[in-house]
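This report refers to the structure that appears directly beneath it.
The values are calculated or read from the model by the stated rules, or taken from the named source; none is laboratory data. Every value quoted in this text rests on a predicted model; they were computed, and no experiment measured them. In this analysis, Cβ positions are derived from the backbone assuming ideal geometry, glycine residues included, and neighbour counts consider all displayed protein chains.
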Amino acid sequence: MSYKLVERGVLNPLADVEVKKLDLNPFPDDFERAALVDNTKPGANVILSTLKDALGNRLFIKVKKPAGAPATPEQVQQAASAELAILALADCGSCTSWVVLDAIRLEEMGVPTICIVSDHFTPFARELAINHGLDELRFLEIEHPIAGLSNDDVEEKTLKIIPALKYLLQIP
Amino acid sequence: MKHWTERIASDLTNWDVEEHVVASGTSISGSIHIGNSCDVFIANAVSKSLQKLGEKSRTIWIADDHDPLRKVPYPLPDSYEEYLGVPYSQIPCPENCCRNFVEHFQKPFLDTLPVFGIDLETYSGAKMYQDGVYNDYIKKSLERAPKIREIFNQYREKPLGEDWLPYNPICSECGRVNTTYARDFQGNTVQYRCQCGHEGEMDITSGEGKLTWRVEWAARWKIFGVTCEPFGKDHAASGGSYDVSKRISSEIFDYRAPYPVPYEWITLKGDAMSKSQGVFFTPGQWLEIGSPETLNYFLFRSKPLKHKDFNPEMPFLDFIDQYDRVERIYYGKEEAASQKEEEKLRKIYEVSQINNRDEIPFQPSYRFLTVAYQINPEPEGIYNILKANSQLPEKMEKLSYQELEDDTREKFRERLNQVKNWLGLYAPNFVKFQVQQELPSVELNPAQEEFLVELADALERQDFTSEELHDQMYHLLKEQGLKPQKAFQVIYRIILGQKQGPRAASFLLSLEKDFLIKRLRREA
Amino acid sequence: MTNEDEKVKITTPSCGCLLDDVLKNGDVCNADSPGEEILVHPDCERVSHEFYLHHLTDGLPIIPPTRERVSKFLDYSPGFADQVVSILPPRRGKATVEKIAINAVMAGCLPGFMPVVQHAISALGREEFNLAGINATTHPVAICTIVNGPLASGVGMNSGVGCLGPGNLANATIGRAIRLCMLNIAGAVPGVGDHATHGSPAKYSYTFAEDEKKNPWESLHVERGFDGEDSTVTVMGLEAPHNVNDHRSITAQNLLDTVVHTTSTAGCNNSHVPGEILVLMSPEHATALKKEGWAKWDVQEYLHQNMRVPVELGDRGGRRLDRQWVVDGEVPITRSPEDVVLVVAGGPGRHTMIAHGFGSGSQSVTIPID
């Protein structure tokens, strides 16, 4: 009689992912009101202010939200009262998480969004967006780093992404 | 919400200027088509929007008639190749009808503009050089050539020669302006050599040579105080003409570059428009088949960077239908799909109009007219066909053609003329037909014969609407055991002498009743 | 992941062949049945390495999670194997009872530890904890798990000398299991979903039990509204602990001032987004304070009022500090006395450990273990 030793199988510690699929909201042809959502990270306010100047005569709703934590319901409502929202700045792990997750919350409420993401964190931001069912969430990449730079330097980096912003928003 | 032309105007109100100057420019290298006349239409719309906002604004147009000929435009003969490299302003008119090449192509274009409500101040690039308008700028550019070179080189793979100057004299030997290389200057005199072998000198104030394009463009901005300019998207590429001219404007001429409005090309049936290959469609050609508002609508219904394709054949009918629908929505005669859509369409319509109107104009279906016209080309006859087919608006249903107001009749005749031209120039064969005045000889089987007779009887007995006639025809052909397609073919064969034709019921109602009944009975 | 390549002939009493005979003479008995399978546990070293290569470990060897081992853990859980306990960000992985058990086996837990691990995972899924922020941040915040109630000693946890490690199986493996769940279920893999710039030793394991016997005050879970006899697990987002060495203070206030001085630093998140901190007092420190008549609340109040950082240190002008926190040119480390999470554990010695938190972005969560 012959015997063979067979190793017991091992189970997979990786979990299944909870998937939901969401639809991205298209940008309106023209908009009067835009929300500028600032997560108070260094440079975020300079970025948003520079982008605002490039967008011409419109009504801008300024919203502040926490960096590493979700926006409060009031802050989300405020942002959702605009026709589109630009969120800045995703340049670290937790703030990227919450820029993306808050953008998704706004998209779920029908508000089209653009997230300003440091190019070092774009892959993570994209993964996060995919995991949350919005593969095509719109990001504008800005050159890392932003923290620690002077306002002028941040402005210079922001000017480089303005053509892409205008393209996304179809301006003119 | 604002239309994009209004949005540009709104942004421009932030500029601290006494008067806005919206510039457009066209290279007179051949027929000016709807693709390269976009500048003019956009500039005019922006200027008008600025005026509505209470700003002072004027629209200017500069003919790039001093540029060298690069390709022989259609339909000029190959012999014109002798003029390659020569400024357009110095090339003769190909048909001896105009002063020169420039006027030959420019005149038909400029002549149509008033129809579009476009009011321009026109300038000739060549004349500007001759009148010395550029002189100071040429001088400054020569003096600051090293800096200009430096700026240019930042956007070039191969750097320019150390002695390169931003100026192209016209060769006194061969007459070409794109083959010369200016390498030195003293005062107003520039030394150059030409590819033809000639070496010479030129006085920059003579107006014969020209500044290199990107410098010239920047100079123009300051000369006219331009605050906004639309241009083809090839100039908008990163590191392209606009970027370079913007720097030249700021660093050499100390002037703020205008608000740019790049626009995408228009293709014709999917092909890029090409003057040399004869692929183009001019505003004049448009007016033959459509009202000027419809061209405005075509250009303004989407954003400037959205690609537009134009097809004057069958798709043109869909296009006019779309325009008419937007017009109905504007006047509240039809509902849009949503409030957002309504807002958007109203804006587009408004911006496309040349004159304001209180009421919706008479808009008989263009598509329907293409059929009606072929049955009876007379306006009154067509009007009656419309009436018989319930194609008239309610308030006109009881009116005869003679009872219509003058401007309604005028508008009607205009559209009829457009339809006639469309049929003659762009309609594919399958939409064309001719009512045979003589009875064509056709072999019919008994069922088919019976069907026609029954149909004639029915028509004699009563009047039908087109839905009712349609139902009746189906009923009769079923009675005879005929397939619908076969039954209709029979009708077309005995009336048109061919197997296909327009929609049967409304077609029959469009014909003169007596004639139709006799024909169905095969009496005449 | 079975390996069928290894086949070894062994002796079996039933047919009378001795291994020696087989090896010497090549005699094999004539039994007909082909290879009867004998299941053996997989080789630890090999499986560990394979798992490591697949990025499924924390870098240390793991116990291969066979079905048999995992089943034993499932016996200790009230739920079904595929019941979802939490959805864990950033990957939004479904932390089912089975997946938690697999990772707990890998960590080296004993089956009895399963309730603690499972409840910790449940608590981490609560919104106020903000696991999405905690897992993804560049800040080295780890997950500290504090166990209260009878279950702590029931599973053999250490609340005395060396309670923060090393040496205790329960402390070490429960904390480790939680981290493996973060890696494998939540997707918090360094560089991928976990962006902590340097990582942290506290991310290997950071679990202990409170010493309720030696605690002169009410324990953490009682303070939070539970019964003394309830067992609870508290999860907190914390940096690795920093020691407060105070053998010299004679008065309570002096001792607390040493704590204040050690916590009031510019380099913590609390200095610009005030939030919770952990104050883990040794029994000796706690007793000294109690002796002078300080109640737990007095200690928390004192620390909260005095732990401050000058604004110029907390806010260098880059990230704008929320003005609501600034009082007289200073920023508090905590928002309120409740933010001082005061716990007693450890052996002899006059030391207190403090650990800063993630700041206002995360709130600790205490849930009962049922």
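Tell me, yes or no, whether region B:299-309 has at least one residue that is part of a helix (DSSP H, G or I) and closer than 30 Å to A:ILE171 by Cβ. Yes, region B:299-309 contains a residue that is part of a helix (DSSP H, G or I) and closer than 30 Å to A:ILE171 by Cβ. Taking region C:186-237 as the range and being among the β-branched types (Val, Ile, Thr) and out of contact with any Gly (no Cβ under 8 Å at 6 or more places or on another chain) as the test, the residues that pass are C:VAL189, C:VAL192, C:THR197, C:VAL233, C:THR234, C:VAL235. When B:ALA458, B:ALA505, B:ALA487, B:ALA447 are screened for being part of a helix (DSSP H, G or I) and free of Cβ contacts under 8 Å to residues at least 24 places away in the same chain, only B:ALA458 passes.
Of all residues in region C:218-229, count the ones that are crowded, with 17+ Cβ neighbours inside 10 Å and over 24 Å from C:ILE134 (Cβ atoms). Going through region C:218-229 one residue at a time, the tally reaches 2. Could you list, in sequence order, the residues of region C:277-301 that are surrounded by fewer than 19 Cβ atoms within 10 Å (Cβ to Cβ) and of a type in the set (A, V, I, L, M)? Matches in region C:277-301: C:ALA295 only. Determine, yes or no, whether B:CYS97 is among the hydrophobic types (A, V, I, L, M, F, W, C) and either farther than 28 Å from B:THR212 by Cα or not assigned by TED's automatic domain parsing to the domain that holds B:ALA219 (or both). Yes.
Checking the stated criteria, B:GLN285 turns out not to satisfy the condition of being surrounded by fewer than 16 Cβ atoms within 10 Å (Cβ to Cβ) and under 30 Å from the mean Cα position of the chain (by Cα).
Go through (1) at pLDDT 90 or above; (2) polar (S, T, N, Q); (3) over 45 Å from the mean Cα position of the chain (by Cα) for B:ASN417 and report which single condition fails. With respect to (1) at pLDDT 90 or above; (2) polar (S, T, N, Q); (3) over 45 Å from the mean Cα position of the chain (by Cα), B:ASN417 is out only on (3). Note on region C:355-370: residues that are surrounded by fewer than 24 Cβ atoms within 10 Å (Cβ to Cβ) and either hydrophobic (A, V, I, L, M, F, W, C) or farther than 25 Å from C:ASN135 by Cβ (or both) amount to 4.
Which residues, counting only those in region C:67-81, are assigned to a helix (DSSP H, G or I), out of contact with any Leu (no Cβ under 8 Å at 6 or more places or on another chain) and not acidic (Asp, Glu)? I'd like the intermediate steps shown before the answer.
Our first condition is that a residue be assigned to a helix (DSSP H, G or I); within region C:67-81, this holds for C:67-74.
Going one step further and asking which of them are out of contact with any Leu (no Cβ under 8 Å at 6 or more places or on another chain), we end up with C:68-69, C:71-74.
Residues satisfying the conditions are C:ARG69, C:SER71, C:LYS72, C:PHE73, C:LEU74.
Looking across region A:69-78 at every residue that is outside any loop (DSSP other than H, G, I, E, B) and out of contact with any helix residue (DSSP H, G or I) (no Cβ under 8 Å at 6 or more places or on another chain), the one that is nearest to B:THR13 (Cα to Cα) is identified as A:GLN78. The number of residues in region C:223-254 that are within 30 Å of C:HIS139 (Cα to Cα) and modelled with pLDDT under 95 comes to 2. Does B:LEU69 count as in contact with a strand residue (DSSP E or B) (Cβ under 7 Å, 6 or more places away or on another chain) and closer than 23 Å to B:PHE281 by Cβ? Here the answer is yes, as B:LEU69 does meet what is asked.
Name the pairs: first residue in region B:1-26 and in contact (Cβ under 8 Å) with a residue 60 or more places away in the chain and within 7 Å of chain A (Cβ to nearest Cβ), second residue basic (Lys, Arg) and surrounded by fewer than 19 Cβ atoms within 10 Å (Cβ to Cβ), Cβ to Cβ under 7 Å, at least 6 apart or on different chains? That search, which allows pairs on different chains as well, returns B:TRP4/B:LYS303. Name the residue that is farthest from the other protein chains (Cβ to nearest Cβ), counting only residues in region A:105-134 that are touching a helix residue (DSSP H, G or I) at 6+ places or on another chain (Cβ under 7 Å) and part of a helix (DSSP H, G or I). My answer is A:LEU106. The number of residues in region A:79-101 that are in a helix (DSSP H, G or I) and farther than 26 Å from C:GLY357 by Cα comes to 2. Every listed requirement among (1) touching a helix residue (DSSP H, G or I) at 6+ places or on another chain (Cβ under 6 Å); (2) touching a residue at least 40 places away in the same chain (Cβ under 8 Å) is met by C:GLU301 save one, (2). The set of residues in region C:43-81 that are more than 10 Å from every other protein chain (Cβ to nearest Cβ), free of Cβ contacts under 8 Å to residues at least 24 places away in the same chain and of a type in the set (Asp, Glu) contains only C:GLU45. Any chance region A:116-129 includes a residue that's buried (at least 24 other Cβ atoms within 10 Å of the Cβ), touching a Leu at 6+ places or on another chain (Cβ under 6 Å) and at pLDDT 95 or above? Yes, that holds for at least one residue. If the condition is being surrounded by 14 or more Cβ atoms within 10 Å (Cβ to Cβ), outside any helix (DSSP H, G or I), modelled with pLDDT under 60 and of a type in the set (D, E, K, R), then region C:17-66 contributes no residue at all. Can you say whether B:TYR88 is of a type in the set (Phe, Trp, Tyr) and in contact with an Asp or Glu (Cβ under 6 Å, 6 or more places away or on another chain), as far as the supplied structure shows? Against the criterion (of a type in the set (Phe, Trp, Tyr) and in contact with an Asp or Glu (Cβ under 6 Å, 6 or more places away or on another chain)), B:TYR88 qualifies.
Restricting the search to strands (runs of 3 or more DSSP E) fully inside region A:1-68 and requiring at least 1 residues that are more than 14 Å from chain C (Cβ to nearest Cβ) gives A:33-38, A:59-64. Scanning region C:82-95 for residues that are within 7 Å of chain A (Cβ to nearest Cβ) and part of a strand (DSSP E or B) yields C:ILE87, C:GLY93, C:LYS94, C:ALA95. Among the residues making up region B:395-409, those that are surrounded by 13 or more Cβ atoms within 10 Å (Cβ to Cβ) and farther than 29 Å from B:HIS470 by Cβ are B:THR408, B:ARG409. For first residues located in region B:404-433 and closer than 15 Å to B:LEU317 by Cβ, partners that are of a type in the set (A, V, I, L, M, F, W, C) and lie 6+ apart or on another chain with Cβ distances below 6 Å form the pairs B:GLN418/B:ILE289; B:VAL419/B:LEU369; B:ASN421/B:ILE289; B:TRP422/B:ILE289. Among all residues of region C:138-152, there is none that is part of a helix (DSSP H, G or I), at pLDDT below 95 and farther than 29 Å from C:GLY349 by Cβ. In this structure, C:HIS304 does not qualify as outside any helix (DSSP H, G or I), at pLDDT 95 or above, buried (at least 16 other Cβ atoms within 10 Å of the Cβ) and not aromatic (Phe, Trp, Tyr). Number of residues in region C:261-272 that are within 26 Å of C:ILE143 (Cβ to Cβ) and part of a helix (DSSP H, G or I) equals 5.
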